[in-house]
Amino acid sequence: MTDASPVAATPAPAKKPTLPDAQKVTSVQHWTDRLFSFRVTRPASLRFRSGEFVMIGLLGDNGKPLLRAYSIASPSWDDELEFYSIKVQDGPLTSRLQHIEPGDEIILRPKPVGTLVHDALLPGKRIWFFATGTGFAPFASLLRDPQTYEDYDEVIITHTCREVGELEYGRRLIEDIRSDEMMAELLGAENIAKLRYYPTTTREDSPKMGRITDLMRSGEAFADLGVAPISPETDRAMICGNLAFNLELKEMLEEFGLEEGANSKPRHYVVEKAFLD
Ligand code: A2P
């Protein structure tokens, strides 16, 4: 008699769900109860221009990717990718994203796009980066890009936030650029001297209070910085903030005679909406 006892079917190994386009979180830093930044591994094939954004996110409860546009805050030469994000307690993505820890995975679609790029501007003498809140992110990339300093004699970054704590990510970054030896080597000390930083707050006392738009309208910002008002002959600008800010500043720049540019048609200024969940 042959032993006909059936061979027990080996159960298929449980498949660990893998994220499409997964990247690993390498570090997370919380700046305030509303703001955090994090770094992730960079796909080997990902090339981008400083100032561009990508879609990133997590798997939603329905198993589908929940993605939002995020400016890449790290410069294009960095081995990792950095992002700067708001935390919205009932936001579909950031209510969960704010809890990521090193070792976790996020989804990152490696297709960078965006208008806040040097290619969208005509040559000029002075570049203005105008940010509110997390709109600082694309400038965190551009401020660490040697091209920014090669293209201009003067680089002015303005950052308007409600409270002092919300300026900290930007303030620390500027401090790093000015004090880090690696930055001096990469950007050149004489280039770093071109960088001017103009932080303002609107709802908490700080050395400079007020919206940048109001400070420019009154002439105070130009007087503080010791520069002439904006003109299309010399000045170029990139804007990234909340919608009302973008619209108001865009109108102001047009009044100064600047025209909006695009990748296909370089002009005097470009605009991008900061990510909000
Ligand atoms: P304010 O406090 O006067 O509203 P938010 O956190 O809401 O995105 O705002 C970020 C910063 O942008 C705040 O300091 C806010 O000032 C400022 N802001 C909002 N709207 C405008 C605008 N139209 N022009 C200039 N700044 C603005």
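Here are the numbers for this structure:
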| item | result |
| --- | --- |
| Number of positions in the range 193-208 that are hydrophobic (A, V, I, L, M, F, W, C) and either within 10 Å of the ligand (Cβ to nearest atom) or closer than 15 Å to PHE129 by Cα (or both) | 1 |
| Filter result (crowded, with 18+ Cβ neighbours inside 10 Å and either outside the structural domain of GLU259 (by TED's automatic domain parsing) or within 13 Å of the ligand (Cβ to nearest atom) (or both)) within the range 222-244 | ILE239, CYS240, GLY241 |
| Among the residues listed as GLY165, GLY170, GLY219, the single one being away from the ligand (no atom under 11 Å from the Cβ), on the phi > 0 side of the Ramachandran plot, modelled with pLDDT of 95 or more and not assigned by TED's automatic domain parsing to the domain that holds ARG34 | GLY219 |
| Residue tally, condition within 16 Å of the ligand (Cβ to nearest atom), out of contact with any helix residue (DSSP H, G or I) (no Cβ under 7 Å at 6 or more places or on another chain) and either assigned to a loop (DSSP other than H, G, I, E, B) or not hydrophobic (A, V, I, L, M, F, W, C) (or both), over the range 245-271 | 6 |
| Residue tally, condition under 11 Å from the mean Cα position of the chain (by Cα), assigned to a strand (DSSP E or B), buried (at least 22 other Cβ atoms within 10 Å of the Cβ) and hydrophobic (A, V, I, L, M, F, W, C), over the range 55-80 | 0 |
| Flag for ARG203 being loosely packed, with under 15 Cβ neighbours inside 10 Å and either touching a Lys or Arg at 6+ places or on another chain (Cβ under 6 Å) or in the same structural domain as GLU52 (by TED's automatic domain parsing) (or both) | yes |
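The values are calculated or read from the model by the stated rules, or taken from the named source; none is laboratory data. In this text the structure is predicted, and so the values were computed from the model without any measurement. FYI the Cβ positions are ideal-geometry reconstructions off the backbone, even for glycines, and counts take in every protein chain you see.
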